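Below: one structure, written as structure tokens.
The values are calculated or read from the model by the stated rules, or taken from the named source; none is laboratory data. These figures come from a predicted structure and were not determined experimentally. Here Cβ is always computed from backbone atoms with ideal geometry, including for glycine, and neighbour counts include all displayed protein chains.
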Amino acid sequence: MKVWLNGKLVDEHEAALPVFDHGTLYGDGVFEGIRIYNGKIFQCQAHIDRLFDSARHISLAIPYTKQELIDAMRETLDANGRDDGYIRLAVTRGAGTLGLSPFKCPKPNAFIIAASIELYPQEMYRKGLAVIIAKTVRTAAVMVPPSAKTMNYLNNILAKIEAVNAGVAEAVMLNTEGNIAECTGDNIFILADGKLITPPTSAGILVGITRGVVMDLAAKLGIEVVEKDITPAELYEADECFLTGTAAEVIPVTKVDGRNVGSGTPGEMTMKLTAAFRDFIEQQ
Ligand code: PMP
């Protein structure tokens, strides 16, 4: 596999970051995960825009233009002959000294990996996913902002460990208010009283690009979409639930903390939106 590293395509075994890179030392950097469907970079502009927004948030000056990074993604896909799959585009703070100061890191490192990803087994897309509500609380916006997609994912990883220890594949994370924020790598939707409900950005979430696509598709299908706080009780009592994300796509949730969601099988609205999402991808 060829990896794009700071403007050059190199063999994956040569694609290494210095141990003094603050991305390596402190998780100081930003990234995007992006799908490739039928040779096209899905929601390319939205991902590039979010990368630059995240970088601005952490005062990281990306040493490339948006177009240069788009071209670099294309180059990486072509070099690996990839028409479908998943791109990881990351920009780290770069090598510096020991000590936190990012101002001692003169040059960010940027890399692009074009590979594949399977977050959940295919069977779960048909039968649904069981989740738990994690004890690990999602970092609040005044701490590490969830709206910036930084390389600092330990908060989410701690919740993922809880999920795996509980024998399920994903965890729902609450915010410091006790409301539902999101999952470790996906946004969450419930169906209640015929309305599709998803936590607002003020709940402290990554504003998912898949979330946005699904909200638009729902609106086009005439489904009412509401962004509002969701309590754990509302999740337990929801008629349907599903998660969205670049890697996850749209996946039904059929159990929360051992309780069935609705009838315990993927809901009708969830299946309708999954189909609409697949059509949308095909039309790209
Ligand atoms: N929340 C978190 C914490 C994530 O890591 C992701 C995946 N990047 C998402 C939500 C979904 O975002 P997107 O649809 O943009 O991939």
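Of the residues 181, 276, 203, 248, which is of a type in the set (Gly, Ala, Ser), over 27 Å from residue 156 (Cα atoms) and touching a residue at least 12 places away in the same chain (Cβ under 8 Å)?
Values: 181 fails: over 27 Å from residue 156 (Cα atoms); 203 fails: over 27 Å from residue 156 (Cα atoms); 248 fails: over 27 Å from residue 156 (Cα atoms).
Of 181, 276, 203, 248, the one residue that is of a type in the set (Gly, Ala, Ser), over 27 Å from residue 156 (Cα atoms) and touching a residue at least 12 places away in the same chain (Cβ under 8 Å) is 276.
Given the structure, is residue 36 in contact with a Ser or Thr (Cβ under 8 Å, 6 or more places away or on another chain), outside any helix (DSSP H, G or I) and crowded, with 18+ Cβ neighbours inside 10 Å? Give the derivation first.
On the way: in contact with a Ser or Thr (Cβ under 8 Å, 6 or more places away or on another chain): no; outside any helix (DSSP H, G or I): yes; crowded, with 18+ Cβ neighbours inside 10 Å: yes.
Spelling it out, it is not the case that residue 36 is in contact with a Ser or Thr (Cβ under 8 Å, 6 or more places away or on another chain), outside any helix (DSSP H, G or I) and crowded, with 18+ Cβ neighbours inside 10 Å.
Looking for whichever is within 15 Å of the ligand (Cβ to nearest atom), closer than 26 Å to residue 200 by Cβ and in a strand (DSSP E or B) here; the options are 143, 173. Which one fits?
On the way: 143 fails: in a strand (DSSP E or B).
None of the others qualify; the one that does is 173.
Which numbered condition trips up residue 245, out of (1) closer than 16 Å to residue 182 by Cβ; (2) of a type outside the set (Val, Ile, Thr); (3) more than 16 Å from the ligand (Cβ to nearest atom); (4) in contact with a helix residue (DSSP H, G or I) (Cβ under 7 Å, 6 or more places away or on another chain)?
Only one criterion is unmet by residue 245, namely (3).
Test residue 208 against the stated conditions and say whether it is within 13 Å of the chain's Cα centre (by Cα), over 18 Å from residue 125 (Cα atoms), within 16 Å of the ligand (Cβ to nearest atom) and touching a residue at least 12 places away in the same chain (Cβ under 8 Å).
On the way: within 13 Å of the chain's Cα centre (by Cα): yes; over 18 Å from residue 125 (Cα atoms): yes; within 16 Å of the ligand (Cβ to nearest atom): yes; touching a residue at least 12 places away in the same chain (Cβ under 8 Å): yes.
When the stated conditions are applied, residue 208 passes them.
Tally time: how many residues in region 10-26 are surrounded by fewer than 18 Cβ atoms within 10 Å (Cβ to Cβ) and either at pLDDT below 95 or assigned to a strand (DSSP E or B) (or both)?
2
Residue 84 - would you say it is in contact (Cβ under 8 Å) with a residue 40 or more places away in the chain, more than 26 Å from residue 213 (Cβ to Cβ) and either surrounded by 16 or more Cβ atoms within 10 Å (Cβ to Cβ) or out of contact with any helix residue (DSSP H, G or I) (no Cβ under 8 Å at 6 or more places or on another chain) (or both)? Working first, answer last.
Values: in contact (Cβ under 8 Å) with a residue 40 or more places away in the chain: yes; more than 26 Å from residue 213 (Cβ to Cβ): no; either surrounded by 16 or more Cβ atoms within 10 Å (Cβ to Cβ) or out of contact with any helix residue (DSSP H, G or I) (no Cβ under 8 Å at 6 or more places or on another chain) (or both): yes.
No; evaluated as a whole, the condition is false for this residue.
When the residues of region 39-58 are filtered to those that are part of a loop (DSSP other than H, G, I, E, B) and of a type outside the set (Phe, Trp, Tyr), which remaining residue is surrounded by the most Cβ atoms within 10 Å (Cβ to Cβ)? Walk me through it before giving the result.
Here is the first cut: in region 39-58, the residues part of a loop (DSSP other than H, G, I, E, B) are 39, 42-43, 58.
Add one more test, that the residue is of a type outside the set (Phe, Trp, Tyr), and what stays is 39, 43, 58.
Numbers: 39: 12, 43: 19, 58: 17.
Looking at residues that are part of a loop (DSSP other than H, G, I, E, B) and of a type outside the set (Phe, Trp, Tyr), I get 43.
For region 256-274, does any single residue satisfy the condition of being of a type in the set (S, T, N, Q) and in contact with a His (Cβ under 9 Å, 6 or more places away or on another chain)?
Kept after step one, since they are of a type in the set (S, T, N, Q), are these residues of region 256-274: 260, 263, 265, 270, 274.
Add one more test, that the residue is in contact with a His (Cβ under 9 Å, 6 or more places away or on another chain), and what stays is none.
No.
Could you list all residues from region 235-259 that are closer than 13 Å to residue 196 by Cβ and surrounded by fewer than 16 Cβ atoms within 10 Å (Cβ to Cβ)?
The answer is none; no residue qualifies.
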